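First the structure, in the form of structure tokens, and then the observations on it.
The values are calculated or read from the model by the stated rules, or taken from the named source; none is laboratory data. Predicted model only: the values in this text are computed from it and were never measured. A quick note on method: Cβ atoms are made from the backbone with ideal geometry, for glycine too, and the neighbour counts reach across all protein chains shown.
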Ligand code: PEP
């Protein structure tokens with residue numbers, strides 16, 4: 001009943017030419033994909049050409065950040081209105097790298113989520129525990145705080161449009177992946193938290209992606225879990241063929 005959404009996160013990789021080349025390859029490879037929504041998160045400098053390149057294909061483009069004001073004296077920032085203007089569809093928010101290096105709080109992420117929803121784009125809210133938090137038995141507490149903080153004051157209808165990406169921080173870029181069973185258990189807990197906030201009906205419709213060293217070899221086992229509705233893929237999304245291998249396992 002939930003469609004898989006598999007998103008790449010290119011982070012701060014690729015110039016404009018490389019982005020367009022990779023998207024051109026990916027478009028060709030994914031022509032026959034029917035059962036997966038495909039998203040690519042690209043750096044700001046590539047977004048305009050990326051959107052134009054994928055028009056008419058089944059690939060949608062995401063920004064990797066936004067500032068939660070429509071316009072104003074915020075030197076160096078990019079607004080939801082600017083992203084909407086160039087037809088960006090999704091915005092990745094609250095990635096652990098932004099929480100860690102740019103000290104983004106749940107409150108700030110919540111403002112961004114609201115701004116993105118208000119203008120009619122779709123947020124991908126990243127949440128995840130650090131290794132010491134998992135080892136200290138604090139995973140659920142940490143995730144609950146991030147979910148509640150990120151989605152506070154959203155209506156049920158707004159919440160339904162949000163994709164939650166569960167990315168254990170210890171699994172991002174490390175080659176370590178949560179086992180499919182461990183990921184499924186955590187996804188179930190996340191859905192329970194969403195159900196408590198927005199009702200079971202809505203929570204059952206919400207997409208919860210897994211992220212953290214997803215690659216062609218482990219994607220099938222992860223994506224076949226009941227509460228795993230797609231992936232957020234960093235390293236393995238940089239090359240069209242390896243990303244396509246992951247998409248194929250879900251198609
Ligand atoms: C990410 O950046 O969101 C991510 C999951 O990275 P990787 O797949 O490289 O672990």
> Name the residues in the stretch 53-72 that are surrounded by fewer than 19 Cβ atoms within 10 Å (Cβ to Cβ) and either in contact (Cβ under 8 Å) with a residue 40 or more places away in the chain or out of contact with any strand residue (DSSP E or B) (no Cβ under 9 Å at 6 or more places or on another chain) (or both), would you?
Replying inline: 55, 56, 67, 69, 70, 71, 72
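Considering each of 50, 19 in turn, give the residue that is at pLDDT 95 or above, surrounded by fewer than 23 Cβ atoms within 10 Å (Cβ to Cβ), in contact with a helix residue (DSSP H, G or I) (Cβ under 9 Å, 6 or more places away or on another chain) and not in a strand (DSSP E or B). Step through it out loud before you land on a result.
Numbers: 50 fails: surrounded by fewer than 23 Cβ atoms within 10 Å (Cβ to Cβ).
The unique qualifying residue is 19.
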> What single numbered condition from (1) surrounded by 15 or more Cβ atoms within 10 Å (Cβ to Cβ); (2) closer than 16 Å to residue 232 by Cβ; (3) in contact with a helix residue (DSSP H, G or I) (Cβ under 8 Å, 6 or more places away or on another chain) fails to hold for residue 80?
Replying inline: (2)
> Among (1) closer than 24 Å to residue 235 by Cβ; (2) away from the ligand (no atom under 16 Å from the Cβ), where does residue 90 come up short?
Replying inline: (2)
> So which residues in the stretch 213-232 are at pLDDT 95 or above and either part of a loop (DSSP other than H, G, I, E, B) or within 11 Å of the ligand (Cβ to nearest atom) (or both)?
Replying inline: 214, 215, 218, 219, 224, 225, 226, 227, 228, 229, 231, 232
>> Whether any residue in the stretch 165-181 is more than 16 Å from the ligand (Cβ to nearest atom), surrounded by fewer than 19 Cβ atoms within 10 Å (Cβ to Cβ) and modelled with pLDDT of 95 or more is what I want to check.
In response: yes
> Can you tell me which residues in the stretch 24-34 are within 15 Å of residue 6 (Cα to Cα), in contact with a helix residue (DSSP H, G or I) (Cβ under 7 Å, 6 or more places away or on another chain) and in contact (Cβ under 8 Å) with a residue 60 or more places away in the chain?
Replying inline: 26, 29, 30, 33
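Determine whether residue 149 is on the phi < 0 side of the Ramachandran plot, under 19 Å from the mean Cα position of the chain (by Cα) and without any contact (Cβ under 8 Å) to a residue 60 or more places away in the chain. Before you say what the answer is, go through the steps one by one.
On the way: on the phi < 0 side of the Ramachandran plot: yes; under 19 Å from the mean Cα position of the chain (by Cα): yes; without any contact (Cβ under 8 Å) to a residue 60 or more places away in the chain: yes.
Spelling it out, residue 149 is indeed on the phi < 0 side of the Ramachandran plot, under 19 Å from the mean Cα position of the chain (by Cα) and without any contact (Cβ under 8 Å) to a residue 60 or more places away in the chain.
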> Out of curiosity, is residue 151 surrounded by 20 or more Cβ atoms within 10 Å (Cβ to Cβ), farther than 24 Å from residue 236 by Cα and in contact with a helix residue (DSSP H, G or I) (Cβ under 8 Å, 6 or more places away or on another chain)?
Replying inline: yes
> With (1) crowded, with 17+ Cβ neighbours inside 10 Å; (2) closer than 22 Å to residue 2 by Cβ; (3) within 16 Å of the ligand (Cβ to nearest atom) as the list, and residue 235 as the residue in question, which single condition is left unmet?
Replying inline: (2)
> Pick from the stretch 118-138 the residues that are touching a helix residue (DSSP H, G or I) at 6+ places or on another chain (Cβ under 6 Å) and over 22 Å from residue 8 (Cβ atoms): which of them is surrounded by the fewest Cβ atoms within 10 Å (Cβ to Cβ)?
Replying inline: 131
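Based on this model, can you work out whether residue 130 counts as more than 30 Å from residue 49 (Cβ to Cβ) and within 16 Å of the ligand (Cβ to nearest atom)?
On the way: more than 30 Å from residue 49 (Cβ to Cβ): yes; within 16 Å of the ligand (Cβ to nearest atom): yes.
Criteria met by residue 130.
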